[in-house]
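Contents: one structure, followed by commentary.
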Amino acid sequence: MKKWIYNYNLEIMTVILAIVAGVSLFFWNSLTLAGKALLGFMILYTLHEWEESKFPGGFYDLFFGGFGIEINVSESRMHLPVAIYILVMLLIPFILQDITFLVLIPLGLGLFEGIIHVAGIKIHKLKKPYTPGMITGVLMFGYSIFIIIQINKAGGLLVWQWIIGFVLALLGFVIMEQFFLKTVGLTFVDFRKMAMARVLGDRR
């Protein structure tokens, strides 16, 4: 069972989000602004993970290979912390959709994804202007901006809500990243040192 979850966590995540989004469409009029926005994020994050991992895939090879790090763990196993993180990040705010600022958690990551995937072209010195996940990453960036506009049109949020929302987005990502790196036997400090050495051209 454990091995099956490791191997098919992307598919499991996809089915769960598809069921939640599909059923919720029948209750569209009763959803809050945050709830409706989260359905869009469920679709976009699902597509994003498939683009990174399957069509065309290769994100993890780029992520570690670009920094000169060799790994001996399957891509599906590496993706498990990501799948869990996405489900928590989307489903908890959806359940608590009356707390509007919680939508800033996936929104904040959506902004980050759009920026980092484009920046990754330069970071990894790629010949082709594309990183796995970039198309959906850019779509998430645009969608996040659209949701920000809709939130402001609906009355906006208080400053502390914006701050807490984006802090939670950052905190959640950092925690997920720790578990993600742990699957390949690295700590965040180890990875940062190896990445900086690669970027700075340090081969010592």
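Residues that are over 21 Å from Phe141 (Cα atoms) and among the β-branched types (Val, Ile, Thr): does the range 1-12 have at least one? Give the derivation first.
In the first step, residues of the range 1-12 are kept if they are over 21 Å from Phe141 (Cα atoms); the result is 1-12.
Those left that are additionally among the β-branched types (Val, Ile, Thr): 5, 12.
The answer is yes, given that some residue of the range 1-12 is over 21 Å from Phe141 (Cα atoms) and among the β-branched types (Val, Ile, Thr).
In the range 105-117, how many residues are β-branched (Val, Ile, Thr) and open to solvent by 70 Å² or more (accessible area, probe 1.4 Å)?
Just the residues of the range 105-117 that are β-branched (Val, Ile, Thr), to begin with: 105, 115-116.
Next, from what is left, pick out any that are open to solvent by 70 Å² or more (accessible area, probe 1.4 Å): 115.
Residues in the range 105-117 being β-branched (Val, Ile, Thr) and open to solvent by 70 Å² or more (accessible area, probe 1.4 Å): 1 in total.
Within the range 146-159, is even one residue at positive phi and of a type in the set (Gly, Ala, Ser)? Let's see the steps before the verdict.
Of all residues in the range 146-159, those at positive phi come to 155-156.
Those left that are additionally of a type in the set (Gly, Ala, Ser): 155-156.
Within the range 146-159, one or more residues are at positive phi and of a type in the set (Gly, Ala, Ser).
I'd like to verify a number: residues in the range 119-137 that are touching a Gly at 6+ places or on another chain (Cβ under 9 Å), open to solvent by 70 Å² or more (accessible area, probe 1.4 Å) and closer than 14 Å to His48 by Cβ, how many?
Looking only at that region, the number is 0.
Please go through the range 38-50 and give me each residue that is touching a Phe, Trp or Tyr at 6+ places or on another chain (Cβ under 8 Å) and within 15 Å of Gly137 (Cβ to Cβ), ordered by number.
Gly40, Phe41, Leu44
Of the conditions (1) over 12 Å from the mean Cα position of the chain (by Cα); (2) within 17 Å of Ala169 (Cα to Cα), His124 fails just one. Which one is it?
(2)
Pull out all pairs, ordered by first then second residue, where Cβ-Cβ is under 8 Å, the residues are six or more apart or on different chains, the first lies in the range 1-30 and is touching a residue at least 12 places away in the same chain (Cβ under 8 Å) and under 18 Å from Ile86 (Cβ atoms), and the second is outside any helix (DSSP H, G or I) and open to solvent by less than 100 Å² (accessible area, probe 1.4 Å).
Hits for this filter: Tyr6/Ser74; Asn7/Ser74; Leu10/Lys54; Ser24/Leu31.
The values are calculated or read from the model by the stated rules, or taken from the named source; none is laboratory data. All figures in this text were calculated on a predicted structure; none of them were measured in a lab. Every residue, glycine as well, gets a Cβ built from its backbone with ideal geometry; the counts of neighbours run over all protein chains shown. In case anyone asks, the SASA skips ligands and DNA or RNA and just uses the protein heavy atoms, side chains included. Shrake-Rupley method; radii C 1.70, N 1.55, O 1.52, S 1.80 Å.
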